[in-house]
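Asks: Attaching a single structure in structure tokens format; questions to follow.
The values are calculated or read from the model by the stated rules, or taken from the named source; none is laboratory data. Keep in mind that this is a model prediction, so the values were computed, not measured. Every residue, glycine as well, gets a Cβ built from its backbone with ideal geometry; the counts of neighbours run over all protein chains shown. Just the protein is used for accessible areas: all its heavy atoms, side chains included, with ligands, DNA and RNA removed. Shrake-Rupley method; radii C 1.70, N 1.55, O 1.52, S 1.80 Å.
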Amino acid sequence: MNPQIKTFPFTKFIGKSLAISYSDYRIAELWSGFMPRRNEIQNTIGTALYNIQVNPDNFDFNPRTPFVKWAVMAVSSFDTIPDGMEALETPEGLYAVFHYKGDQSGAASFFNQIYSVWLPNSDYQLDNRPQFEILGEKYKSNDPNSEEEIWIPIRKKE
């Protein structure tokens with residue numbers, strides 16, 4: 001596990017959100033509501049989809065702790081927001097960027113490696129900003145050859 005350390009810029013997004021927890025992980029519900037309507041979003045920047053997780057302060061990874069998941073696309077402005085969709089802004093910040101290849105069956109184990117092995121042994125600590133996956137051209141839902149980028153918010157250890 002050797003991530004790239006990158007700065008992600010302040011970005012505007014439009015999409016749908018859903019409050020969930022790991023024990024009530026209704027991600028398919030979120031994305032099935034978003035995908036048929038994604039083309040209604042105007043002023044998009046690129047074609048990538050973003051799966052964003054906004055954690056509460058002092059997020060503890062307890063399976064019952066709620067957080068908000070977003071299915072979104074990056075936009076240049078909030079001039080037009082389709083009915084039933086919302087705007088989200090993410091601040092600029094430092095991220096550890098991991099490349100993940102495979103279907104979703106291995107994702108939980110991969111995230112566990114990031115948080116329990118890489119992060120504690122790195123020069124960084126988790127920062128309280130959104131974490132996300134960028135689902136670009138190589139992403140294919142439930143395909144073993146699917147590829148995505150996982151962006152984990154970090155800051156230098158104090």
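Asks: Give me the accessible area of Ile81, 1.4 Å probe, in Å² rounded to the nearest 10.
Replies: Rounded to the nearest 10, the figure is 70 Å².
Asks: Let me ask something else about it. To the nearest 500 deg cm²/dmol, what mean residue ellipticity at 222 nm is calculated for the chain from DSSP H runs of n ≥ 4 alone, each contributing -39,500 (n - 2.57), summed and divided by the residues?
Replies: Result for the chain, helices only: -2500 deg cm²/dmol.
Asks: Determine the share of the chain's accessible area contributed by carbon and sulfur atoms, expressed in whole percent, with a 1.4 angstrom probe.
Replies: 48
Asks: Spelling out what I want: for every residue of segment 126-140, take phi, set θ = phi - 60°, compute 6.51 cos²θ - 1.76 cosθ + 1.60 (Karplus), and round to whole Hz; glycine and proline get x.
Replies: Running phi through 6.51 cos²θ - 1.76 cosθ + 1.60 with θ = phi - 60° gives 5, 10, 8, 9, x, 9, 7, 10, 9, 9, x, 4, 8, 7, 9 Hz.
Asks: Counting other C-beta atoms within 10 Å, and keeping those with at most 12, which DSSP coil GluC sites (Glu not before Pro) do you find in segment 96-149?
Replies: Within segment 96-149, the qualifying GluC sites (Glu not before Pro) (loop, at most 12 other Cβ atoms within 10 Å) are Glu137.
Asks: Using only the Cα atoms of segment 95-136, build the gyration tensor, take square roots of its eigenvalues as a ≥ b ≥ c, and label the shape rounded, prolate or oblate: rounded if a/c is under 1.5, else prolate if a/b is larger than b/c, else oblate.
Replies: Oblate shape, in that a/c is at least 1.5 and b/c is the bigger or equal ratio.
Asks: Taking just the alpha carbons, could you work out the radius of gyration and Dmax for the chain, both in angstroms?
Replies: Over the chain's Cα set, Rg and Dmax evaluate to 15.4, 45 Å.
Asks: Any idea which of Phe10, Gln42, Ile81 is furthest toward the positive side of the dipole for the chain, if Lys and Arg beta-carbons carry +1 and Asp and Glu beta-carbons -1?
Replies: In the chain, that residue is Phe10.
Asks: Under 25 Å between alpha carbons, and skipping anything fewer than 8 positions from Lys157 in its own chain: which lysines qualify?
Replies: The qualifying lysines are Lys6.
Asks: When ligands, DNA and RNA are left out and all protein chains stay put, how many square angstrom of accessible area per residue does segment 1-149 have with a 1.4 Å probe?
Replies: Working: 8110 Å² over 149 residues.
About 54 Å² of surface per residue is accessible.
Asks: If you don't mind, there's one more thing I want to ask. Using modelled backbone amide H atoms (1.01 Å from N, in-plane), which distant-in-sequence or interchain residues come within less than 5 Å of Thr11's amide H?
Replies: Thr90
Asks: Count neighbours as other Cβ atoms within 10 Å of each site's Cβ, and list the trypsin sites (Lys or Arg not before Pro) in segment 38-100 that are DSSP loop with at most 10 such neighbours.
Replies: Those that pass, being in a loop and sparsely packed, are Arg64.
Asks: Just to check I understand the Karplus step: with θ = phi - 60° and J = 6.51 cos²θ - 1.76 cosθ + 1.60, what whole-Hz values come out for segment 56-69, glycine and proline as x?
Replies: Result, rounded to whole Hz: x, 4, 6, 4, 10, 6, 5, x, 9, 6, x, 8, 10, 9.
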